[in-house]
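What follows is a set of notes on a single structure, which appears directly below.
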2 protein chains.
Amino acid sequence: MKKIILASKSVDRGNIFKHSGIPFEVLASNIDEREFKEKFSDPILLVKELAKAKALYAKKELLKKNSQAIIIAADTIVELNGEIIGKAKNKKEAIVILKKLMGKSHNLITGMAITETNNPKIFIDYDTTSVEFLNLSDEEIRGYVKINEWKGRAGAYSISDKASLFIKKINGSSSNVIGFPMHKLYETLKNEFGINLFLV
Amino acid sequence: MKKIILASKSVDRGNIFKHSGIPFEVLASNIDEREFKEKFSDPILLVKELAKAKALYAKKELLKKNSQAIIIAADTIVELNGEIIGKAKNKKEAIVILKKLMGKSHNLITGMAITETNNPKIFIDYDTTSVEFLNLSDEEIRGYVKINEWKGRAGAYSISDKASLFIKKINGSSSNVIGFPMHKLYETLKNEFGINLFLV
């Protein structure tokens, strides 16, 4: 199988790839996400454009080195009533975000882009999962934020870790909530790039 | 906080507890599950009775040693159109189970039981999550079974691992699919046993 490059430095995303037995190398993209956030106010368009930009950045870097690979990029945001919620910058912001999300459902949206170094085609898609939280008190939220799980996570939580204690239910892909809709990865690699992850 | 005993030798279940930052020790119960399966044909009653039996077994063992603890037990099965599907005994059985589950939705049901060594109360509950699979071919199923992820798992798959590639969507608690409905653990310990996992 051709080398797989994951154009993302997300630890959670890397972990799902590892647990799925997919060999990969990381090549994180140096994209100014703020620019995109100013330009695209539609959540789905934003994550798709960010995933595309990350994939194309990685492709350019690989071509410079004459390295052949399949490139997989993604971007995840939380959306609540049309508002785009990204990562918190500090504890205070994490508390504000979590307070907003408690006791209701939000959408976790991941944009994905897959391309190859020797192929002009770029496949772009997205996936949405709704996530419903229990209603934690402010004191409990402060207790959760203390353990720093909010750091680097869209929506300031990690479903694979302690946040599982306040996630009442989800509807949609569960791997999407961690950082990549893995069923769409399998389908896209099979249908668009001729790679079957169960027959390698 | 009082010592927590997880009356289960499931690696997946242990992992969710670890990732949730809950300190625990394992005390696996020596229960003849076949007896229960013959006695209880209702899936929900079966997992509740099995969880209860495991919790009470662990309690007896702990009391023998004069050890004080909170005991958490669980049992997970897959249910498809009323049929109870447990763990596969070998590769051939794993293939038969997975063929049945492909291209449709099944229910993942976990029974849970929580008690304390110094408390006659035993709290018993269950949780159901529906899981929808993509439609993998027989060849792909054989490819999946080769990596031995089916071993020791109800329904012969592990949502945290490679099976995420063929899980289209879930509806309900995602930790329940791994082996324990963690939001119910948080609620039960808080409401029934006075332990708040966010304030420890």
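Read-outs throughout are calculated quantities, based only on the coordinates presented, and are distinct from any laboratory measurement. Remember, predicted model here, so these are calculated numbers, not experimental data. Virtual Cβ from ideal backbone geometry, glycine too; neighbours counted across all protein chains shown.
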Return an integer: the convex hull volume of the alpha-carbon atoms of region A:118-158, in Å³ per residue. 96
Report, as an integer, the average count of C-beta atoms from other chains found within 10 Å of each Cβ along B:193-199. 4
Counting residues in region A:106-200 as N, plug N into 2.2 N^0.38 Å and put the Cα Rg over that result. 1.35
Using the crude model of +1 on Lys and Arg Cβ and -1 on Asp and Glu Cβ, and no other charge, please compute the dipole size for the protein assembly as shown relative to its Cα centre, in debye to 20. 920
Within 10 Å of the Cβ of an average residue in B:137-150, the count of other chain Cβ atoms is 2
At 25 °C and 0.890 mPa s, grab the translational diffusion coefficient of region A:10-85 from Stokes-Einstein with a Kirkwood Rh over Cα pairs, rounded to a whole number in µm² per second. 177
GNM on chain A, Cα springs under 10 Å; top mean-square fluctuation among A:Thr128, A:Thr117, A:Thr76 goes to A:Thr117
If each label sits 7 angstrom from Cα along the C-beta direction, how far apart, in nm, is B:Lys151 from its counterparts in the other copies? 3.6
Between copies, how close do the B:Asn66 label points come, placed 7 Å along Cα→Cβ, listed in nm from shortest? 7.6
For B:Val96, inter-copy label-point distances (7 Å, Cα→Cβ), nm, shortest first, read 5.9
All other residues with a Cβ under 14 Å from the Cβ of A:Arg153 taken together, and with Lys, Arg as +1 and Asp, Glu as -1, what is their net charge? +2
Could you tell me the relative contact order of chain B? Use alpha-carbon pairs under 8 Å, at least six residues apart, and round to a whole percent. 21
All-pairs Cα distance distribution in the protein assembly as shown, expressed in whole percent, bin size 20 Å: 27, 54, 18, 1
Let me confirm one metric for peptide A:173-185, namely the mean number of other chain beta-carbon atoms within 10 Å of its residues' beta-carbons. 5
If the cut-off is 15 Å between C-alpha atoms, which aspartates and glutamates fall inside it for A:Lys91, apart from same-chain ones fewer than 8 positions away? A:Asp138, A:Glu139, A:Glu140, A:Glu149
Rg/Rh ratio calculated on Cα atoms of chain B (Kirkwood radius): 0.98
At 7 Å along Cα-to-Cβ for each site, give me the label-to-label distance between B:Leu63 and A:Glu139 in nm. 3.3
